[in-house]
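Notes for the one structure printed next.
The values are calculated or read from the model by the stated rules, or taken from the named source; none is laboratory data. What you see is a predicted model, and the numbers here were worked out from it, not measured in a lab. Cβ atoms come from the backbone with ideal geometry, glycine included; neighbour counts cover every protein chain shown. The area values use the complete protein model at the heavy-atom level, side chains included, leaving out ligands, DNA and RNA. Shrake-Rupley method; radii C 1.70, N 1.55, O 1.52, S 1.80 Å.
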Amino acid sequence: MNYRRLGNSALEVSELAFGAWQIGDPAYWGDSFAADVQATVDAARDAGITLFDTAEMYGNGESERVLGRALANHRGSVLIATKISPENCAPAALRASCEASLQRLGASVIDLYQVHWPPRDVPFADVCGELERLREEGKIRAMGVSNFGVRDLGDWLAAGTCVSNQLGYNLLFRAIEWEILPECFARGVGVMAY
């Protein structure tokens, strides 16, 4: 496995990450993954994967809960990324969501806390300010965004910081190559592809 620094952060991550939506959302993905969660997570770790990604909205928090249990004995050797839903980005709701994610993950800190989609009802400055307070309190190590286009990323960086932008990208969906990928590179923002 190859490892690299995530964006402009101090986080050293595996080039491949483990996406945990499927392991905690049988209503969306079906029940076939439930029996093999621990074996699947262990196989990922054995292959050198150190970055595990989830979100509070995956199975209404069940993905975080299941992933937290599967990684409970390995917390010092892995990094957990999770995401806040845009409807929970007002400062008080963001703080409550962070605390709930920490509890579900069984963790004292979230390594990478990402805004899942650009919030449209809360100013970015308010979201960035609360994330920075959570970072200062030691509840999160780094902040990221997900699904942010060029304009949203620019507006976000005018209000605060982020180390990464998680974006859809594959051989059939290459739209990010035109504008947002070069923008991320120019600004030192790491890209996590899903």
Original post:
Which shape class, rounded, prolate or oblate, goes with region 1-132 when its Cα gyration tensor gives a ≥ b ≥ c as root eigenvalues, a/c under 1.5 marks rounded, and past that a/b bigger than b/c marks prolate?
Top reply: oblate
**OP:** Using 0.36 nm per residue of separation minus the Cα-Cα distance, give me the extension gain between A159 and E136 in nm, one decimal.
**Re:** 6.6 nm
Original post:
For the chain, modelled as a Gaussian network with Cα springs under 10 Å, which listed residue fluctuates most, L153, L172, L11?
Top reply: L172
Original post:
Round to a whole number: what % of the accessible area of the chain belongs to carbon and sulfur, probe 1.4 Å?
Top reply: 53
Original post:
How much accessible surface does H74 have with a 1.4 Å probe, in Å² rounded to 10?
Top reply: 50
**OP:** Provide the net charge surrounding D25, with neighbours chosen by a C-beta distance below 12 Å and charges set as Lys +1, Arg +1, Asp -1, Glu -1.
**Re:** -3
**OP:** Quickly estimate the mean residue ellipticity at 222 nm for the chain, helices only: each DSSP H run with n ≥ 4 gives -39500 (n - 2.57), and the total goes over all residues, rounded to 500.
**Re:** -10500 deg cm²/dmol
Original post:
If you take the square roots of the eigenvalues of the alpha-carbon gyration tensor of region 20-98 and sort them as a ≥ b ≥ c, do you get rounded (a/c under 1.5), prolate (a/b over b/c) or oblate?
Top reply: oblate
Subject >> Gained length - R4 relative to A27, 0.36 nm times residue gap less alpha-carbon distance >> reply: 4.8 nm
**OP:** Please give the FRET efficiency for S85 paired with V109, using the beta carbon to beta carbon distance and R0 = 25 Å, rounded to the nearest 0.05.
**Re:** 0.80
Original post:
Taking 0.36 nm per intervening residue step and subtracting the Cα-Cα distance, what contour gain separates A92 from E15 on full extension?
Top reply: 24.3 nm
Original post:
For region 44-194, what does the alpha-carbon gyration tensor say about shape, rounded, prolate or oblate, given a ≥ b ≥ c as the root eigenvalues, a/c under 1.5 as rounded, and a/b over b/c as prolate?
Top reply: oblate
Original post:
In square angstrom, what is the accessible area per residue of region 42-138 with a 1.4 angstrom probe?
Top reply: 41
Subject >> Inter-site label distance for W178 and R69 at 7 Å from Cα along Cβ, in nm >> reply: 4.5
